[in-house]
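The values are calculated or read from the model by the stated rules, or taken from the named source; none is laboratory data. Computed from a predicted structure; not experimentally measured. Because the Cβ atoms are built from the backbone with ideal geometry, glycine has one as well, and the counts that use them run over all protein chains shown.
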Amino acid sequence: MKHFFLLLSLLAGLIRPAAAQIDTTGGQFHQPLYPTPSVTTGVVFGSAPNSGGTTQTLLMDIYQPAGGPATPRPLIILAHGGAFLSGARTDFDVSELCRRFARLGYVTASIDYRLESFFTFNGARAVVNAVHDMRAAVRFFRQDAATTNQYNVNSGYIFAGGSSAGAITAVHVSYLDKEAELSALNAPGVAPGLEGSSGNPGYSSAIGAGINLCGAIGNLSWIEAGDEPLVSVHGTADGIVPYGTGPTFTGDVVNGSGAIKPRADAVGVPNTLYRFSKAGHVPYNGSSATQVAYMDTTFRTVRDFLRPLLVVTSSLPVRLTSFTAEQLGPHALLRWETAQEENSAGYEVEVSTDGHTFRQLGFVPSVAPNTTGRVGYRFRDQEAGKKGLRYYRLRQLDLDGQAAYYGPRTVYFGALEQLTVYPNPVSGPATTVLVPATAAGVLELRDALGRLISRQPVPPATGATHVALPQLADCPAGVYHLLLRDATGPVQQVRLLKQ
């Protein structure tokens, strides 16, 4: 099974065939082969009412590599920052990235989107309106590719990203993909539906990957198995959009790149995160030597993540839309759902007691090798003598012998009385804390000398809860202590080793 999801475009009710492979030979999309890109400014790609009720024309600047082969090219769409209150498509960071990627051979576009008024600001509305506008930009290029092909874009390779508020927009374009998720935002006065009404209806707004430069997501559960890949960069001392989980300037609590990565790792979404240690917000935005160095790193990180996606020759054979594991008496019930299966033989269910060594529990065959609708599966772990933490994952098998993994998911058997961390020792950035039933408490991470590294609240719960610990990713190797302080009982402590 291929490890990268390009996209599933639904046109006239049919799944779009796999996109043709992009030629990456000769330094294409890696070296600056086209030193002077051509720029078309003020291209209209849609319109929609802004928060004040006035219809706003949506504009973009399009950058194209000058010269070279006339074959259709991959596209990167970027959105500017500015806290959804200010900013423009000509801002330095996004326009500089557009130029740099156009020199590699990409078509790039920097878009405007609807902004909020300072006096009537609503964060949920700001995000949804911006998401609708970015989706309209994606549809604009798909419409062009299907008609006049003025901009020479290969519609099978469209990536979307942004900086700060623009990154928040792109992350939600990637993962806000269910009506229930949209409804949970409770955004007032927005166009209905995930697609919105900003322009170019009838074309797909699916993207091949997201580019997250100092952005965040509203709810980590929106990132699910089978979702689009994501490349992120973020300063660990960002005081505007938190690196981990925390409030923005509006007071809205969001999950920054440091919290997104362990979630994406846990559900098997391909991703990478470059952490700018002790750097603040958008440290790459400017012309000083330090800012240019940050920009160089940002550019290389995104370039090196996207280029392998250009040589994937087919869409993902199986798109998993959910995977859960829960305790059901003495057993564990695993459920998963697919939106598409192609050439699929079935799913091996595997279990582990340490999160490292897995063994097969059983096999669930696919209902059919090829499906285009939603299909649900379940498996019950009825082994006797289960206790403590058990890890479950799926090994999806193709008819041609290829395989891919989803998970793991965890279930704790017995009453959890002690603070638990897994994996421990930690060798990567993904670390999860299992917290026992507690009244409102505080989770502290301290180094070997007892110095405080981070403190985060733990909400009250009647059962065990999972808490991400993204702060550990930026810590050097060594011994750490995790403490749970709960007013109803003694302090609990776990010794943690980071390798």
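Results for (1) more than 21 Å from the chain's Cα centre (by Cα); (2) of a type in the set (Lys, Arg), shown as yes or no for each residue.
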| residue | (1), (2) |
| --- | --- |
| Lys278 | yes, yes |
| Thr297 | no, no |
| Arg307 | no, yes |
| Thr321 | no, no |
| Thr338 | no, no |
Restricting attention to the range 19-55, report how many residues are within 28 Å of the chain's Cα centre (by Cα) and assigned to a loop (DSSP other than H, G, I, E, B). 13
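If you take the residues of the range 282-295 that are assigned to a loop (DSSP other than H, G, I, E, B) and surrounded by fewer than 18 Cβ atoms within 10 Å (Cβ to Cβ), which of them is nearest to the chain's Cα centre (by Cα)?
Initially, the range 282-295 is screened for residues assigned to a loop (DSSP other than H, G, I, E, B), giving 282-288.
Narrowing the set further to residues that are surrounded by fewer than 18 Cβ atoms within 10 Å (Cβ to Cβ) leaves 286-288.
Details: Gly286: 26, Ser287: 29, Ser288: 30 Å.
The extreme case among them is Gly286.
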Residue tally, condition farther than 30 Å from Ala384 by Cα, modelled with pLDDT of 85 or more and among the basic types (Lys, Arg), over the range 290-340: 3
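Could you tell me which of the residues Tyr243, Tyr274 is of a type outside the set (S, T, N, Q), part of a strand (DSSP E or B), within 17 Å of the chain's Cα centre (by Cα) and closer than 30 Å to Phe323 by Cα? Can you show your working first?
Details: Tyr243 fails: part of a strand (DSSP E or B).
The match here is Tyr274.
Specify the residue that is farthest from Leu176 (Cα to Cα); the eligible residues are those in the range 226-253 that are among the hydrophobic types (A, V, I, L, M, F, W, C) and either surrounded by fewer than 24 Cβ atoms within 10 Å (Cβ to Cβ) or free of Cβ contacts under 8 Å to residues at least 40 places away in the same chain (or both). Write out each step before concluding.
Quick first cut of the range 226-253, residues among the hydrophobic types (A, V, I, L, M, F, W, C) only: 230-231, 233, 237, 240-241, 249, 253.
When the remaining residues are screened for being either surrounded by fewer than 24 Cβ atoms within 10 Å (Cβ to Cβ) or free of Cβ contacts under 8 Å to residues at least 40 places away in the same chain (or both), the result is 237, 240, 249, 253.
Values: Ala237: 27, Ile240: 22, Phe249: 22, Val253: 17 Å.
Top of the filtered list is Ala237.
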Take the residues in the range 461-481 that are more than 22 Å from the chain's Cα centre (by Cα) and modelled with pLDDT of 70 or more, then tell me which one is surrounded by the fewest Cβ atoms within 10 Å (Cβ to Cβ). Pro476
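In the list Arg319, Arg303, Arg307, Arg335, which residue meets the criterion of being closer than 30 Å to His30 by Cα and part of a strand (DSSP E or B)?
On the way: Arg303 fails: part of a strand (DSSP E or B); Arg307 fails: part of a strand (DSSP E or B); Arg335 fails: closer than 30 Å to His30 by Cα.
Checking each option against the conditions leaves just Arg319.
Pick from Ala293, Ala339: which is aliphatic (A, V, I, L, M) and under 30 Å from Ser95 (Cβ atoms)? Full working, then the answer.
Details: Ala339 fails: under 30 Å from Ser95 (Cβ atoms).
Among Ala293, Ala339, only Ala293 is aliphatic (A, V, I, L, M) and under 30 Å from Ser95 (Cβ atoms).
Residues that are crowded, with 23+ Cβ neighbours inside 10 Å: list the helices (runs of 4 or more DSSP H) wholly contained in the range 90-207 that include at least 2 such residues.
Because the criterion is at least 2 residues that are crowded, with 23+ Cβ neighbours inside 10 Å, the helices (runs of 4 or more DSSP H) in the range 90-207 that meet it are 92-104, 123-146, 165-175.
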Residue under question is Ala66, and the condition is that it be among the aliphatic types (A, V, I, L, M) and over 26 Å from the mean Cα position of the chain (by Cα); does it hold? yes
Taking Gly210 as meeting all but one of (1) surrounded by 19 or more Cβ atoms within 10 Å (Cβ to Cβ); (2) in a loop (DSSP other than H, G, I, E, B), write down the number of the exception. (2)
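Is at least one residue of the range 71-79 over 26 Å from the mean Cα position of the chain (by Cα), over 28 Å from Ala293 (Cβ atoms) and not charged (D, E, K, R)?
As a first pass, look at the range 71-79 and keep what is over 26 Å from the mean Cα position of the chain (by Cα): 71-72.
Still in the running and over 28 Å from Ala293 (Cβ atoms): 71-72.
With not charged (D, E, K, R) added as a condition, the list becomes 71-72.
Yes; the residues of the range 71-79 include at least one that is over 26 Å from the mean Cα position of the chain (by Cα), over 28 Å from Ala293 (Cβ atoms) and not charged (D, E, K, R).
Could you identify the single residue in Leu496, Leu449, Leu484, Leu434 that is surrounded by fewer than 19 Cβ atoms within 10 Å (Cβ to Cβ), farther than 19 Å from Tyr243 by Cβ and modelled with pLDDT of 70 or more? Walk me through it before giving the result.
Working: Leu496 fails: surrounded by fewer than 19 Cβ atoms within 10 Å (Cβ to Cβ); Leu484 fails: surrounded by fewer than 19 Cβ atoms within 10 Å (Cβ to Cβ); Leu434 fails: modelled with pLDDT of 70 or more.
None of the others qualify; the one that does is Leu449.
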